[in-house]
Amino acid sequence: MKRLLPVTIFTLVLMVIGTSIALASEIQDSGTDLVAGAQLYDKWYAVLGLPAPQGDMPIWSRQSTNTRSGTETWRCSECHGWDYKGVNGAYASGSHYTGFPSLILATADMTEEDIVAHLKGENDSAHDFSSYLDENAMGQVATFLKEGLIDDSEYIDSISLKVINGDLEHGNELYDSTCAECHGEDGMKIIFRTEGVDETLGDVANRDPFRFLHRTRFGVAGTEMPLGYDLGWTPADGRDVLMYAQTLARGKASEEITGAGEGSGPSELIGGATNLWTGILTGIGAFLATFGSALLFLTVLVLIGVLIVTALRRRN
């Protein structure tokens, strides 16, 4: 019986190793898929490196209030809004109004498999993206819609579009440590091109705070930048950064402008770290994401050795 003890312990620990590694891998993949899905929601063809679709998305003909056409009609964000509420949110009126549904409500009782089926056009042939998105990409969108949607109405006043109960000083600190290197202290170092209009970061934060929060959390499709999600920012952290950004300069840009973006995104940035500290954090995050499972495995191996040695000593 004593001889079987080390073998039993070894077997049990191996089972723990397998379960732990599988769980860690699942969590890592889930986070990666969520961010990818959020960027696909923003502009899927930019993420996938595909040419923008020609003509209007088929379902666009079911509405007549939003007069945009072509490429923009293929973006999830244009139909359902940056607050994910469609007709029940920020796009309930104005030039973006379409009458298309809230995804927060529509996906509440759906599984990820149901969402993928809808993206394949199984419920509505006019909503078929299977010619553009592969199974993996559709699964990532589904993961985002099930795990990543946040109701920002507790952070943003729907009438004034100003931040509710934010911490301006905290937002200033986060902005200076993570955002200022690329956007500038005044938010005017990068200019956004939105429907033919040049905008500073302060303009975006005030005019479209929901878009600001989405991209602060998950990045801009096709652009390298630090992600609040990867930095461990909470929704309240993003709110605080937004509150500070709403105090930044608006209108005519300074002479420090480095370039203008295309569509509704900024000019492409090179690299994901913006300063020494964010560089260190980004490096640590990448290291843990890549080698986390291996480190876990080595740690448990040490534990196995300790348990086996302890069992053998007791036996003797």
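Between amide H atoms placed 1.01 Å from N, distances below 5 Å from ILE191 occur with THR258, GLY259, GLY261, SER267, all of them 5 or more places distant or on a separate chain.
Residue-wise HN-Hα couplings along the range 193-202, as the Karplus relation 6.51 cos²θ - 1.76 cosθ + 1.60 with θ = phi - 60° gives them from phi, are 9, 10, 6, x, 10, 7, 10, 8, 4, x Hz; Gly and Pro carry x. Shown here: the range 42-97, whose C-alpha atoms stretch 32, 22, 15 Å along the first, second and third principal axes, sorted largest to smallest.
For the range 78-133, pairs of C-alpha atoms spaced more than 12 angstrom apart make up 67 percent of the total.
For VAL220, VAL87, VAL241, what ranking results if the residue with the fewest other Cβ atoms within 10 Å of its Cβ goes first?
Numbers: VAL220 23, VAL87 17, VAL241 26.
The most exposed by this proxy come first: VAL87, VAL220, VAL241.
Can you compute the equivalent ellipsoid semi-axes for the range 19-170, i.e. the square root of 5 times each eigenvalue of the Cα gyration tensor, sorted largest first and rounded to whole Å?
Details: eigenvalues 124, 113, 40 Å².
That gives 25, 24, 14 Å for the three semi-axes.
Taking 16 Å as the straight-line reach from the Cα of LYS162, the aspartates and glutamates in range (excluding those fewer than 8 positions away in the same chain) are ASP83, ASP151, ASP152, GLU154, ASP203, ASP208, ASP237, ASP240.
Sparse packing (at most 14 other Cβ atoms within 10 Å of the Cβ) combined with a DSSP loop state is found for the following trypsin sites (Lys or Arg not before Pro) in the range 223-254: LYS252. Listed values for the range 182-189 are Karplus-derived 3J(HN,Hα) couplings in whole Hz (6.51 cos²θ - 1.76 cosθ + 1.60, θ = phi - 60°), namely 8, 8, x, 4, 9, x, 10, 6, and x replaces Gly and Pro. Applying a DSSP loop filter and a limit of 12 other Cβ atoms within 10 Å to the trypsin sites (Lys or Arg not before Pro) in the range 107-201 leaves nothing.
Rule-based calculations on the coordinates, nothing more; no lab input. Since the structure is predicted, the reported quantities are computational estimates derived from the model, not experimental observations. Cβ coordinates were reconstructed from backbone atoms using ideal geometry, including for glycine residues, and neighbour counts include every protein chain displayed.
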